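A short write-up of the structure that comes next.
The values are calculated or read from the model by the stated rules, or taken from the named source; none is laboratory data. None of these values were measured; they are calculated from a predicted model. Backbone-built Cβ (ideal geometry, glycine too); neighbour counts: all protein chains shown. Note: areas computed on protein heavy atoms with side chains; ligands, DNA, RNA excluded. Shrake-Rupley method; radii C 1.70, N 1.55, O 1.52, S 1.80 Å.
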Amino acid sequence: MEAIGTSVARPPASASARDAVTRLSKAVLRNRKATLGLVMFLVLLFVSLFPDLITSAPWNESVVPSDVVSQCQQNAVALGQVPNCAQFAPSWPLYPLGTTQLNYDVLSQLVHATGTTLFATVLISLLVTLISVLIGVTAAYVGGVVDMVLSFVTDVFLVIPALPLLIVLSTYLEGGGLAAIVLVMTVTSWAFGARQLRAQGLSIRTKEFLEAARVRGERRWYVIFVEIMPNMLSLIVAAFLGTSVYVVATMAGLQFLGFGNVGDSITWGTMIYQSQQAMSLESGNTWWLMAPIVAVAFMGTSFALLNYAFDEIANPALRKTGRRRGKRAA
């Protein structure tokens with residue numbers, strides 16, 4: 001009888017997780033901005049998974065025929081000019097966004113850089129969110145000395161200026177390529193989310209369902225991962241999306257400054273750095289610089305729009321405001 005009573009009292013973890021996911025899905029579909037953000041993200045995901053369906057040109061090989069380059073050189077010599085047969089202007093359908101200084105196709109680079117940039121952004125955001133959850137929720141639930149130590153470490157990372165720390169660590173890890181960017185941004189970006197999640201954890205640590213779990217003798221890891229985290233899922237997702245907006249912009253900024261631009265991979269930040277080094281604006285090849293900048297803004301906007309729905313779930317005041325607006329509109 002006791003075993004039966006215990007099993008009945010235990011809340012089903014899978015049901016709680018499904019309920020949380022259902023609430024998030026409904027929030028996205030109810031919010032037009034979030035739906036638009038989801039569509040934009042799916043476009044990026046499609047480009048990342050199927051780049052060859054968009055362009056068949058290689059991103060790291062010259063796409064300008066040798067006879068075109070020879071004709072360009074001959075024309076320049078005939079006119080008494082210095083041959084400059086690189087960075088060709090956009091030409092449909094050969095190279096719609098022009099070429100680089102090595103006559104690589106800009107569109108092909110942009111498309112293939114989408115997958116690398118999206119993968120790095122999601123990976124960094126997942127690692128940052130995971131660290132934030134582990135430190136924030138653990139500090140809130142365990143309390144005592146553990147809370148003091150974790151809060152002190154969090155405060156230290158919060159007061160350290162982020163950009164100088166990023167530059168110093170990136171310089172120290174120079175030559176590490178994209179892996180160095182992932183490591184540096186993961187180490188420097190988790191503190192703010194951990195502080196938010198700790199505050200939320202403190203607000204629910206005295207709830208009845210947690211008291212019931214303690215009475216049942218549940219272990220701490222069970223309480224944290226099964227009882228607390230599903231109830232904080234909307235805030236965790238919001239933290240992930242907010243981090244993603246920060247990551248995609250900061251990663252492009254670091255690579256624009258010259259950090260992490262080694263290896264065989266290409267990202268939008270690498271394209272911005274290379275176009276600036278080759279003075280693409282001065283040579284009239286505007287799209288080589290503008291295309292990756294627009295792509296960074298597009299990805300950041302998609303994450304920001306998605307964040308609206310999760311803000312409504314995490315903040316009851318926003319839900320009430322949305323309902324009032326709906327009633328007034330009706």
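Taking the Cα centroid of the stretch 89-114 and of the stretch 253-295, what is the distance between the two, rounded to the nearest whole Å?
Cα centroid to Cα centroid, the span is 13 Å.
How much accessible area per residue does the stretch 164-211 have, counting only protein heavy atoms and a probe of 1.4 Å, in square angstrom?
Numbers: 2460 Å² over 48 residues.
For the stretch 164-211, the per-residue accessible area is 51 Å².
Using only Cα atoms, what is the ratio of the radius of gyration of the stretch 160-288 to 2.2 N^0.38 Å?
Numbers: Rg = 21.0 Å, N = 129, 2.2 N^0.38 = 13.9 Å.
The value comes to 1.50.
How do 143-150, 236-243, 178-185, 276-283 rank on mean C-beta neighbours within 10 Å, highest first?
On the way: 143-150: 12.4, 236-243: 23.5, 178-185: 21.8, 276-283: 14.2.
Answer by packing, highest mean first, reads 236-243, 178-185, 276-283, 143-150.
Once you list every other residue whose beta carbon is under 12 Å from the beta carbon of W59, what net charge do they have if Lys and Arg are +1 and Asp and Glu are -1?
-4
By how many nm would the segment from Y222 to F152 grow when fully extended, if each residue of separation counts as 0.36 nm and the alpha-carbon distance is taken off?
Full-extension gain reported as 22.7 nm.
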